[in-house]
Amino acid sequence: MLGNLKNINVLVLGSGGREHSICDNLIKSKKINYLWCMPGNAGINKIAKFYEIDVNDKKKILSFCIKKKISLVIPGSEEFLAKGISDYLRLGGINVFGPSKKGSLLESSKIFTKLICKLGNINTAKWRLINNYKTALKEIKLLKFPLVIKLDKLAAGKGVLVANSYEEAKKFLIKVEQGKIGDKNSKIIIEKKIVGKEASFFYVTDGITSRFIGSAQDYKRVGNGNTGLNTGGMGCISPSPFENKDKIELINKKFIEPTIKAMNYLGYPFKGVLYAGLMFTKSDIFLIEYNIRLGDPECQALIARLKSNFLDICIATEKNKLKDIKINKDNKKSICIVMASKGYPDEYKSGFAIKGIKKVGNNVNIYHAGTKLDKNKNIITNGGRVLNIVSKEKTLQRAKLNAYKLLKNIKCNNLFYRSDIGD
Ligand code: AMP
Ligand code: GLY
């Protein structure tokens with residue numbers, strides 16, 4: 001179906017800054033006829049076509065793809081992939097950039113990933129399995145802190161606690177019991193805390209070949225100086241300070257290739273993005289987690305540095321042709337700063353007018369996340385993370401300066417941001 005590469009119709013699923021940056025890259029490809037994105041946002045809907053549809057209804061998405069002659073679907077988030085959108089659409093003859101439901105276990109089940117680490121001899125923190133929160137509440141009384149508690153299943157980014165004391169751990173597990181965090185039937189992992197510095201390395205694989213597409217450093221906490229609650233990400237820089245040629249090869253050899261091999265061994269060939277969350281200690285590298293899609297906001301900073309078109313990467317991945325392509329990146333440094341609704345990641349209000357979104361220059365971009373148009377076609381806030389300011393320059397300092405300069409033009413009564421991204 002992707003044989004005729006001249007006029008293809010592509011559908012991106014999602015509504016974040018990640019999906020806006022993907023659409024912004026795709027639309028530059030001459031191979032695209034129509035670009036669709038659903039549910040989209042006020043920024044995406046300016047560059048991609050939109051149709052009102054329940055994006056979680058696989059049947060409706062497949063019918064839509066057939067009707068609109070969509071050749072390729074790019075699901076942005078793990079939610080779609082973990083629910084098996086790839087399997088469903090592929091069975092219906094549609095190409096997808098992303099792993100199968102079984103492949104998605106690398107993100108949706110922490111236990112599965114630990115077993116893959118065992119099978120592939122991949123370096124990860126020592127761990128043990130606990131059947132449920134009840135048993136965990138008993139066992140933590142006997143354990144030494146600090147340690148890390150992880151729910152096995154996806155928990156909207158809230159399923160992990162680095163616990164420094166018994167009291168902290170107990171509080172977390174009680175929230176699980178009350179249904180405030182994740183699924184209370186989830187199995188639990190208790191693992192050793194690794195002390196080091198984190199970095200995210202991104203590879204794409206077609207199940208045979210793997211190619212590095214970039215690295216990033218995420219700023220997860222809500223407040224300056226890495227304080228406050230964990231968020232989906234308040235900003236990031238790319239590349240990570242740990243990126244160099246040796247590390248790219250080493251991580252591929254020690255983590256990515258053994259993972260691909262183990263997945264093939266189990267009969268779950270993996271296609272798509274392998275996003276390795278790594279901890280660098282003084283003498284070693286540990287796998288903290290895998291994600292099976294691009295990060296948000298990491299994608300926005302990564303895509304800014306990508307010289308190859310993302311569409312070609314998606315097609316080569318789906319067609320098992322990654323070995324035939326080279327992925328070119330800019331040597332410049334990029335930064336992404338997130339503007340979020342006051343109160344995020346806790347409760348926040350939406351519906352505030354946003355003014356001053358104007359792009360100036362080639363090396364800057366404003367990607368929308370939680371935005372929509374009101375009745376009078378004014379842009380208003382519509383979510384936790386609202387805007388992403390991306391800048392790319394020869395030095396990180398310059399990129400940072402430009403991004404914050406651009407950000408200052410944006411006027412909204414209910415947005416905040418971290419002022420230390422890239423420090
Ligand atoms: P995860 O969802 O597994 O990536 O965990 C979320 C965050 O918790 C990570 O990005 C780390 O900051 C932290 N974390 C997870 N596991 C560990 C560990 N074993 N040692 C130290 N920090 C960890
Ligand atoms: N920014 C972290 C993530 O996308 O998982």
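The values are calculated or read from the model by the stated rules, or taken from the named source; none is laboratory data. What you see is a predicted model; the values in this text were computed from it and never measured. Virtual Cβ from ideal backbone geometry, glycine too; neighbours counted across all protein chains shown. Heads up: the accessible areas ignore ligands, DNA and RNA and are worked out on the full protein's heavy atoms, side chains in. Shrake-Rupley method; radii C 1.70, N 1.55, O 1.52, S 1.80 Å.
What segment 206-346 shows is 40 Å² of accessible area per residue, with the surface traced by a 1.4 Å probe over protein heavy atoms. The separation of segment 126-157 from segment 339-364, counted between C-alpha centres, amounts to 36 Å. Here the peptides 107-116, 413-422 are ranked by packing, the mean other Cβ count within 10 Å, and the order with the highest first is 107-116, 413-422. With R₀ fixed at 30 Å, the C-beta to C-beta distance from N132 to Y265 puts the FRET efficiency at about 0.50. As a rough guide to protection, the peptides 336-342, 282-288 ranked by mean Cβ packing within 10 Å, highest first, stand as 336-342, 282-288. Relative contact order, whole percent, for the chain stands at 16, derived from Cα pairs under 8 Å and 6 or more residues apart. Listed by number, the DSSP H helices of the chain that run 24 Å or longer by alpha-carbon position along their axis and have mean Kyte hydropathy of at least 0.0 come to an empty list.
The modelled label-to-label distance for the pair I47/K60, using points 7 Å beyond Cα in the direction of Cβ, is 2.6 nm.
Among the listed pairs K110/K141; K49/K175; K46/K323; K175/K372; K102/K372, which have their C-alpha atoms separated by more than 30 angstrom in this model? Long pairs (Cα-Cα over 30 Å): K49/K175; K46/K323; K175/K372; K102/K372. Just to confirm a number: summing +1 for Lys and Arg and -1 for Asp and Glu over residues other than T124 whose beta-carbon lies under 12 angstrom from that of T124, what do you get? After counting each charged neighbour, the total is +4. Here the Karplus relation 6.51 cos²θ - 1.76 cosθ + 1.60, evaluated at θ = phi - 60°, turns the backbone of segment 81-97 into coupling constants of 5, 5, 8, x, 4, 5, 4, 5, 5, 4, 4, x, x, 9, 7, 9, 9 Hz, with x for every Gly and Pro. The Kirkwood radius of segment 224-378, taken over pairs of alpha-carbon atoms, gives through the Stokes-Einstein law at 4 °C and 1.567 mPa s a diffusion coefficient of 69 µm² s⁻¹.
The simple Förster model, with R0 at 35 Å and r as the Cβ-Cβ distance, assigns R398 and K375 a FRET efficiency of 0.30. Paramagnetic label reach from E139 (point 7 Å along Cα→Cβ; backbone nitrogen cut-off under 15 Å): within segment 102-121, residues 110-112, 114-115. Here the chain has 50 percent of its accessible surface on carbon and sulfur atoms, given a 1.4 Å probe and all protein chains in place. On a C-alpha basis, how far is the centre of segment 199-245 from the centre of segment 1-78 in Å? Whole number, if you could? Cα centroid to Cα centroid, the span is 25 Å.
Accessible surface area normalised per residue over segment 146-194 is 52 Å², counting heavy atoms of protein chains with a 1.4 Å rolling probe. Heavy-atom accessible area, probed at 1.4 angstrom with all protein chains present, ranks D206, D312, D346, D246 as D246, D346, D312, D206, highest first.
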